[in-house]
Every structure is written in structure tokens, then in C-alpha cells.
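Take a look at the structure set out below.
The values are calculated or read from the model by the stated rules, or taken from the named source; none is laboratory data. All figures in this text were calculated on a predicted structure; none of them were measured in a lab. All Cβ positions, glycine included, derive from the backbone under ideal geometry; neighbour counts span all protein chains shown. For accessibility, only protein heavy atoms count, side chains too; no ligands or nucleic acids. Shrake-Rupley method; radii C 1.70, N 1.55, O 1.52, S 1.80 Å.
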Amino acid sequence: MLKTISSLQNPLIKQVLLLQEKSRERKKTGLFIIEGLREIELAIKGGFTIKTLLICLEIVTEENLQNLKTESDTERIEITLEIYKKIAYRTSTEGVIALANVKNLVLSSLKLENKNPLILVAEAPEKPGNIGALLRTADAANLDAVIIANPKTDIYNPNIIRSSVGCVFTNTIATGSTTEIIAYLKENNIAIYSAILQESVPYHTCNYKENTAIVVGTEATGLSQEWRTESKQNISIPMQGEIDSMNVSVAAGILIFEAKRQREFN
């Protein structure tokens, strides 16, 4: 028999709502919310610890529950349909919401297993949709790491988890200041290629076969001066229309897959 929660005033339900809405609450408790079977499965596969599963048996099937291979001490609690509708962040999910422990994303804990890594660095991305798209691109390319410089948005924001379709769990992610990241890359002999218009060459003319970090900034402000001066080479995507920039996730995809093409087919 599962423990059951049927009141919206239950402290755990109130905490779930706070964790969804407040970055401060996530930082204070070290917990965040995952919604949806696929996302929870990816989190488990990615080594995240699931503390609690909130289950609406009016929606989820027993078969799907059995596929969630959580730790033996993961608490499973049944909730009513009314409560599920109140706390569900998305309109169409499968009746399961998880409380999970955050991972330490500090740069000093980043361990690169590949001796010839390909890394994406994104400086100060703010829009959850863009961050999610960057993580999906990184997953598609099977990058060795994604590093967020000067993060503006909590990586465990529900909108990032949703827009990344769970790729926040499939990527190795670290965060740090621009200065810290540049020092880390240089320490590990990783060449920096910064997507900046000034003093740049067309992206496809560079060699990305060795240790490489591709660095992108926001469409609004671009990259900070540090990247411009510390990069091995500034690179740009030749534009043939009227505007001189494109969505950061699209630009990152073009640059990353050129590096993948060179490594795999040349």
C-alpha cells in the first residue's frame, strides 16, 4: 500500500510548488522537480538520485511504474488527480512527478574522460528555451561537456528541463565564471574557438580535430571581451541575408557539427 496525499495543504505538495517556482528554494533544499516518465528515466540513467515519486494512479500504468528503476529508499506516494492537476507543470504528462537531488555543477568537479574532448561553452544564456535547445544539440552531438559561463538561469528550472526534453540529464554540465572557465580550458590544453564577428575567420576554415571548446554568447550581447582576447581563433558563420546574427542554438549546432564532421569523416 502506498502512502496517500489527498490535501492540497499538505506540506510536501506546498514544497513541490515552491520548488517549481523558486530558484531560491531549489538552492536552499538541494532538490528540484522532474515531471514525466521519459525525463525521470533519463535522470535515473544520468545518475540523479530520486528522493520521492508522486504518483497519480488514475493516469500512470503499473507497467510504466515498474520501468522506473529507482533506489530502494525512494519514497513512493500516491496523489489524487486533483493534486496532480494542481502541481503538474505540463498539460500532458504521464502521472508521475519526482523530487530529485541536484548535482554539484561546479567547474572544479568536471572530469573529462575523453582525451580529445569537444566542449560547448555558452556565456550567460538566459532564456530557458535557448538553454534547452543548446542541451539537445549537445546531446545529439554526444559532446563531452557543456559549460555555462556566468549563468543567468538555474539549470534545474522546470522550463529548461521541459525544453531540453530531459537532455539536462544526458549531458555532463558544469558552471563557472568566464575567467574560471578560460583558466580551466587553458589548464587542460583545450583550444578556444569563440563565435565573435570581430577578428574572425569563417568557421569551416578552422581545425577542430584536437581538444576543442566552441564558445557562443547571447544574440543580444554576444561574448564578453575576455573570450575575444583569449581564444585561439575567433570564428563566424558567413551570413547571406540582411541580418548579422542567428539564434544561439542554431549557430551552436552549425559550429558543433562542423567539428563533428571533421573528426568523423576527415
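Annotations for the structure displayed:
- Considered as a group, the residues in the range 72-82 that are at pLDDT 90 or above and in a loop (DSSP other than H, G, I, E, B) include one that is nearest to LYS51 (Cα to Cα), and that residue is THR74.
- If only residues of the range 207-266 that are of a type in the set (Asp, Glu) and at pLDDT below 95 are counted, the one that is farthest from the chain's Cα centre (by Cα) is GLU242.
- Looking only at residues in the range 25-49 that are in contact with an Asp or Glu (Cβ under 9 Å, 6 or more places away or on another chain) and open to solvent by 50 Å² or more (accessible area, probe 1.4 Å), the one that is modelled with the lowest pLDDT is ARG38.
- Residue tally, condition in a loop (DSSP other than H, G, I, E, B), in contact with a helix residue (DSSP H, G or I) (Cβ under 9 Å, 6 or more places away or on another chain) and either surrounded by 21 or more Cβ atoms within 10 Å (Cβ to Cβ) or among the aliphatic types (A, V, I, L, M) (or both), over the range 172-201: 2
- Selection within the range 123-146 - of a type in the set (A, V, I, L, M) and either over 24 Å from GLU21 (Cα atoms) or free of Cβ contacts under 8 Å to residues at least 12 places away in the same chain (or both): ALA138, ALA140, ALA141, LEU143, ALA145, VAL146
- Test: residue in the range 136-144 that is assigned to a strand (DSSP E or B), of a type in the set (Asp, Glu) and open to solvent by less than 50 Å² (accessible area, probe 1.4 Å): no
- Sole exception among (1) of a type in the set (Asp, Glu); (2) farther than 23 Å from GLN9 by Cβ; (3) open to solvent by less than 80 Å² (accessible area, probe 1.4 Å) for GLU78, by number: (2)
- Among the residues listed as ALA174, ALA213, the single one being closer than 30 Å to ARG90 by Cα and in contact (Cβ under 8 Å) with a residue 24 or more places away in the chain: ALA174
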